[in-house]
Amino acid sequence: MKLLLVEDEQLIRKGILLKTDWKRCGIEEIEHAEDGGEAVRIAERFRPDILLTDIRMPRMDGIEAARAIRSLCPNVRIIFMSGFSDKAYLKAAISLQSVHYLEKPIRQEELLEALQGAAQMVLNERRSNLGEAESQPLIKREIAGLLLSPDLPSDKLSRLLSLINRQPSDIAACCSAILKWHRPSGAAADSVLLTLEDTARDAGLDGYCLKKDEYHFVAHLCARPDRHPPIAFSARLQDWIELARARLPDSPGYHLAVGRQVSGMSRAYDSYVSAVLQLQKSFYRPPNAVLRETDAEERTDAYVFDDDRAAAFASALQSGGEDEARRWLGSLARDIRRHPHTAVSYTKGVYLQLYQVLRQFGKESGLTEFRQDASVGPFAERLHACQRLDDLRALLEGELAALFERLEARKGNSIVRQVAQYIERHYQNRELSLSEIGEYVGVTVPHLCSVFKEGTGMTIKQYMSEYRINRAKTLLANRELKLFDIALQVGYADGEYFSKMFKKIAGMQPSEYRKRIVDA
């Protein structure tokens, strides 16, 4: 329900906004204006159900604004406020069929009474306009929203229940459930809601359901007076679960988390919280599964991912190739699934770390697109959107397949492969030249350079320099070797030139690099 507050005194306007218990009055949306003209402009788009307005204001007073807003919203309920007992104003208020006329200073009790009266009128009018069959689903969904509140407004709940011929009970069994859809529901949302509501009715329960967001639906299920013979609530709840599973489509997949049974609608929020806790396990469960507190497995320790496991994945990449790495990822997923109490954020962090291991392997393999330290942001965004452990595994396996496709494409280029192999065997030769390499491969130097650049994204000289510097990094770990000796061993006759190339590629001088790795 929507309310528009119009008051030119800022302190009074803020006081009303902050001190009024709007939820208790059933008001969800509020906008405010400081004069009548602004109020009319807001009403053109906002279309309030209730207008709470001062009378005496500059530019356009409350009476004139109310007339204009009534022409826009014929069913708006009007509450006037005024510090002046003026008969002319009272007559105008009567002519506009205002709900209430409050004298300033405003007493909070009187304001609440006026607001609740106006809200009840709006609800009654909606019910009258729609008819019983059409109004009941809307009222039930409004009740469902109330039951999600930790501070349940019992007076409003009672009013809404009375509109559908129900009474609140502190002893009737209740249970809240959450349906998590694996893709944005979109146009299917209405169908999902109908399924939840119809199955509740068929199971002999009162169902109050709503769409919480594009992925989540909530169903509050409550016992109602049995005819003969009486059936236990737990049996009816099980019937509802089975009916819902039978009628919900298998694709795109869902998880149904059922909270614990409570006594009374006033404790529906407690059941909802327990359903939220159950839903956290859905990340590790197969699709279309039901998660219940009674089915909760014995609590296990959280999964721990350490440097040894990361090294094991790197080893699988290097020694076993794609098939071995894929088997390793399958084993990892099975291991994590045995620890369902692991925080989802932690598990996603594990897969982000594995992605970085994958990138490092691609970089060390000489793939152009992996040579730059690119941001992992795009991958992290896709990872964050994953709803299940299987989604994480599929995401990383997709990256794994793409990496090995690039490696195969590079291997398929025999010229590139032969050049790389020749450099790896003869990098120590200080006189190694493009002509020598071209003669070995059997092509002209221009063609050699063109094919290698197209296949790797770098020139042969760049590749040769990087290979030599990488070999030098290994040798720098031996403190017995002098820098000049290392330069000679990797193909540089000039120590100064070697230092220059090392800094260009490694970002630091050889001596600085040695100090870092030796002191580490």
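What follows draws every value from the coordinates through simple rules; no lab data is involved. Note that the structure is a prediction, hence the values are computed from the model and not measured. Backbone-built Cβ (ideal geometry, glycine too); neighbour counts: all protein chains shown.
The distance between label points at Ala343 and Arg382 comes to 2.6 nm (points 7 Å beyond Cα on the Cα→Cβ vector).
From its DSSP helices (H runs of at least four residues, each -39,500 (n - 2.57)), the chain gives a residue-normalised ellipticity at 222 nm of -17500 deg cm²/dmol. Computed from Cα positions, the angle between helix 460-475 and the longest principal axis of the chain comes to roughly 90 degrees. Between helix 445-456 and the chain, what is the angle of the helix's C-alpha long axis to the longest principal axis, kept within 0 to 90° and rounded to the nearest 10? Compared with the principal axis, the helix lies near 30 degrees.
Using Cα pairs under 8 angstrom and six or more residues apart, how large is the relative contact order of segment 414-519, in percent?
Values: 91 pairs, mean separation 27.6, N = 106.
Contact order relative to length: 26 percent.
Under a model in which nothing but the beta-carbon of Lys, Arg (+1) and Asp, Glu (-1) is charged, segment 2-129 shows a dipole of about 320 debye around its Cα centre.
Reported to the nearest whole Å, the Cα centre-to-centre distance from segment 217-278 to segment 3-31 is 37.
Shown for segment 133-295: lysine pairs separated by 8 or more places, or found on different chains, whose C-alpha atoms are under 15 Å apart, numbering 6. Relative to the dominant Cα principal axis of the chain, helix 62-72 is inclined by about 70°.
When only the Cβ of Lys, Arg, Asp and Glu is charged (+1, +1, -1, -1), the dipole of the chain relative to its Cα centre reaches about 620 debye.
Within the chain, antiparallel bridges make up roughly 50 percent of the DSSP beta bridges whose residues both belong there.
Considering only lysines 8 or more places apart in sequence, or on different chains, count the pairs in segment 2-129 whose C-alpha atoms sit under 27 Å apart. Number of lysine pairs found: 11.
Across segment 133-295, Cα pairs under 8 Å and at least six residues apart give a relative contact order of 29 percent.
So what is the relative contact order for the chain, in percent, with contacts set as C-alpha pairs under 8 Å and at least six apart?
On the way: 687 pairs, mean separation 40.4, N = 520.
With pairs under 8 Å counted, the relative contact order is 8 percent.
Label positions at Val304 and Val276, each projected 7 Å from the Cα along the C-beta direction, are separated by 3.0 nm.
Say the dipole of the chain comes from +1 at the beta carbon of Lys and Arg and -1 at that of Asp and Glu; which of His384, Asn478, Tyr355 then lies farthest toward its positive end? So the residue we want is Asn478.
Taking the centroid of alpha carbons for each part, segment 323-390 and segment 491-511 are 35 Å apart. Think of the chain as having a plus end and a minus end, set by charges on the Cβ of Lys, Arg, Asp and Glu; of Cys222, Tyr284, Leu51, Tyr284 sits farthest toward the positive end of this dipole. Here the Karplus relation 6.51 cos²θ - 1.76 cosθ + 1.60, evaluated at θ = phi - 60°, turns the backbone of segment 502-515 into coupling constants of 4, 5, 4, 8, 8, x, 7, 6, x, 5, 5, 4, 4, 4 Hz, with x for every Gly and Pro. In sequence order, segment 150-157 has phi-based couplings of x, 10, 5, x, 5, 5, 5, 4 Hz under the Karplus curve 6.51 cos²θ - 1.76 cosθ + 1.60, θ = phi - 60°, and Gly or Pro positions carry x. Dipole of the chain computed with +1 at Lys/Arg Cβ and -1 at Asp/Glu Cβ about the Cα centre; of Thr456, Leu147, Leu11, farthest Cα towards the positive end is Thr456. The three principal axes of the C-alpha atoms in the chain carry coordinate ranges of 108, 69, 44 Å, sorted with the longest axis first.
Subtracting the Cα-Cα distance of Glu324 and Asp170 from their residue separation scaled by 0.36 nm leaves 49.5 nm.
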